[in-house]
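Peer 1: Below you'll find the structure I mean.
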Amino acid sequence: MITFSGDVEKFSLGDSQVISCVGETKKAGIESIIGHVVQKTAESSGLTFLSGALNEAYLSLDNFEENPVIKKRNPTMVVVLTDGNPNKGNGLGVNPIPVVRSNVEEHPDVVLYAIGLGEADRLMLRRVGEIGRGGSLMADDLETLIDFYDSLAQNFQMVVKMKKKEE
């Protein structure tokens, strides 16, 4: 998980950036993530460095280990959640679309979903999701957001299973 406002920060739990949210550790992993998001929201600066967050997400994919069964990395879903309009670039540019374009071909097994809350730029998020081979959503409340995450997870599992059968 990567948080962003004026700066981009990778979330880690102890020495690991992999947070297990399955089995016995599911509750602890989810509670850690929620606590971190609440803390970062309280500290937010009003800046939205979306280009930096997306760039870091794509760079982080190189840390995922190869699946020994299929001899390559598992398909991956990147989900970006923002409540604003990009307004900081730090050398990458404010517009996140070129960052997605430059990474999408290098990562054929990655899909990107862009979720907006509140005043987020709907058109830009729709375009980011399309280019990222995923989609976008504007979530007006927590229930819509949770339903969307559940739907994404179920659809993603089905696509991964279908791809494995094809190989």
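Peer 1: Give the residues of the stretch 65-121 that are loosely packed, with under 14 Cβ neighbours inside 10 Å, among the basic types (K, R) and in contact (Cβ under 8 Å) with a residue 12 or more places away in the chain, sorted by residue number.
Peer 2: Scanning the stretch 65-121 gives K72, R101.
Peer 1: Would the stretch 37-57 turn up any residue that is assigned to a loop (DSSP other than H, G, I, E, B), of a type in the set (A, V, I, L, M, F, W, C), in contact with a strand residue (DSSP E or B) (Cβ under 7 Å, 6 or more places away or on another chain) and touching a residue at least 40 places away in the same chain (Cβ under 8 Å)?
Peer 2: yes
Peer 1: Now a separate question. Among the residues of the stretch 122-147, which ones are crowded, with 17+ Cβ neighbours inside 10 Å, in contact (Cβ under 8 Å) with a residue 24 or more places away in the chain and either assigned to a helix (DSSP H, G or I) or of a type in the set (G, A, S) (or both)?
Peer 2: Residues satisfying the conditions are M124, L125, R127, V128, I131, G132, G134, A139.
Peer 1: Just one of the numbered conditions (1) touching a Pro at 6+ places or on another chain (Cβ under 6 Å); (2) farther than 17 Å from G116 by Cβ is not true of V94; which one?
Peer 2: Of (1) touching a Pro at 6+ places or on another chain (Cβ under 6 Å); (2) farther than 17 Å from G116 by Cβ, only one is false for V94: (2).
Peer 1: From the set of residues in the stretch 63-121 that are assigned to a loop (DSSP other than H, G, I, E, B) and β-branched (V, I, T), which is modelled with the highest pLDDT?
Peer 2: Filtering the stretch 63-121 for residues that are assigned to a loop (DSSP other than H, G, I, E, B) and β-branched (V, I, T), the one modelled with the highest pLDDT comes out as V94.
The values are calculated or read from the model by the stated rules, or taken from the named source; none is laboratory data. The structure displayed is predicted, hence computed values, not measured ones. With ideal geometry, Cβ positions are generated from the backbone for all residues, glycine too; neighbour counts draw on all protein chains shown.
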